[in-house]
Structure formats: C-alpha cells, structure tokens
Amino acid sequence: MFSHQSDSKHEPLIYRIDSADRLCYINEVWQDAARQGQFDGVKAEHVLGKSLWDSVIDGNVRALYAQMIAHARLGQPVGFNYRCDTPILRRTYAMTISRLPGDEVEFASVLVRQESRPAVAILQTDHARHEEKFIRVCSWCQSVALPSGDWVPVEDAVNKLDLMGDEKLPRLTHGICEACALSMNQKLNALL
C-alpha cells in the first residue's frame, strides 16, 4: 500500500482486512510511519474502515490480490517478495498474506534487503507533480512502463522518459509487469 521504514530488527508492517475486505487493523509500525508524516492519508483515521480496493486501482493487481486473499481465506498462506523503494534506497520486502480467525486476512511485510543508490527524484513524495500525466510502476519489482510497452528499472526510466526535463514530474500509478504477473500466477497455481 505504501513504502515504510523498517529493518530486520523491527516488527513487520502489518495490516488486516475484515470479511468485507475493509482495513480493520494497522500495527504500530504503520502508525509510526504515518505519524512521522511520510505518507499522505494513511493515518489510522483515514484508512481504518475503508475498503482495501480503494487503494488498488490497476485491474491486474486487483485480480491478483483477490486471488491471493481467496487462497489465504482457504487456509493457504501466500508469500512473495516485492520492492518498496525510497528515493535513496532499493528495498526488498517479504510479504505473507494469511487467514486469521473471523475471516480476517493479515498482510505482514518484513524487510529482507536494502542497498543505497543515488537519489531518484521520481520517488520523492514531496516533488511537484502533473495532475494529468502518469507513469506506471510495477508494484512488485519497481520497474517503470515505457510507452513502447517495455518495463525498465526506475533509474533508466528517468533518462528514457526525460523525466527531469520538466519542473513537474508525472504522478505514479501502480500496476504489474508481465514478468512479475507470470511469476505470481505460477506461485498461485502451485497452491492449487
């Protein structure tokens, strides 16, 4: 849902949905990140009681999450790695989606790797953005979709799309690249 500060010495970031797929719990790691002002609109009073689907716009990502939630509700936990970068860090997290009593589903993310990199302005949340211009970022690997349909690392996309040639950056929207979609579908099919 959003990037967060965590490391292997800290608790995982956890959120839960109820039987109607509404956010019903966020842990202290989530709340700390929101209190530190890192993320607009993710404080408890803004997200609890809201549908998970309000924050998952891309149809392919929605379908994939719906499948993973269905597996979890059948008692088949789903685990996968995903990237959740900051402007100066490449970060890989491991998420587990599992069933809890009362048909709740828990999403738990733990940092498994991070490395420094030169700052990438497109990932800065406080940079001025176009209202109508968007670029799509893979929710799993952080690659960016080019107009040609190719997906490239975010650092390459900045140059190929001349993103720094304008004083305003495009807004980011999330989707899933073909390679990550194939990988996730194979994982889900293995659960059947």
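None of the figures in this text is laboratory data; all of them are computed from the coordinates on show. Remember, predicted model here, so these are calculated numbers, not experimental data. Cβ: placed from backbone, ideal geometry, glycine included. Neighbour counts: every protein chain shown.
Structure data summary
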{"quantity": "For the chain, size of Cβ-based charge dipole, Lys and Arg +1, Asp and Glu -1, in debye", "calculated": "340 debye"}
{"quantity": "Signed unit charges on C-beta, dipole axis of the chain, positive-most listed residue ILE135, ASN81, GLY149", "calculated": "ASN81"}
{"quantity": "Charged-residue dipole, Cβ positions (Lys, Arg, Asp, Glu), the stretch 128-181 about Cα centre, Debye nearest 20", "calculated": "160 debye"}
{"quantity": "Order of ILE14, ILE122 - criterion: other Cβ atoms within 10 Å of each residue's Cβ, fewest first", "calculated": "ILE14, ILE122"}
{"quantity": "Cα pair distances of the stretch 13-117 binned at 10 Å [whole percent]", "calculated": "14, 43, 37, 6, 0"}
{"quantity": "Cut-off 15 Å between beta-carbons: net charge of the residues surrounding VAL56, Lys and Arg +1, Asp and Glu -1", "calculated": "+1"}
{"quantity": "Three-way shape call for the stretch 56-137 based on the alpha-carbon gyration tensor, with the a/c threshold at 1.5", "calculated": "oblate"}
{"quantity": "Sequence-distant lysines (8 or more away, or on other chains) whose Cα lies within less than 20 Å of LYS168", "calculated": "LYS133, LYS160"}
{"quantity": "Local electrostatic count, ASP18, Cβ distance below 9 Å [Lys/Arg +1, Asp/Glu -1]", "calculated": "-1"}
{"quantity": "Sorted by Cβ neighbour density within 10 Å, fewest at the top, the residues PHE107, PHE80", "calculated": "PHE80, PHE107"}
{"quantity": "Alpha-carbon spread of the chain, three principal axes, descending order, Å", "calculated": "52, 37, 33"}
{"quantity": "Relative contact order computed over the chain (Cα-Cα under 8 Å; 6+ residues apart), in percent", "calculated": "19 percent"}
{"quantity": "Rounded, prolate or oblate (a/c below 1.5 giving rounded, otherwise prolate when a/b exceeds b/c) for the stretch 48-96 by Cα gyration tensor", "calculated": "oblate"}
{"quantity": "Top positive-direction residue, dipole computed over the chain with Cβ charges, set VAL105, VAL29, GLN186", "calculated": "GLN186"}
{"quantity": "Sorted by Cβ neighbour density within 10 Å, fewest at the top, the residues CYS24, CYS180", "calculated": "CYS24, CYS180"}
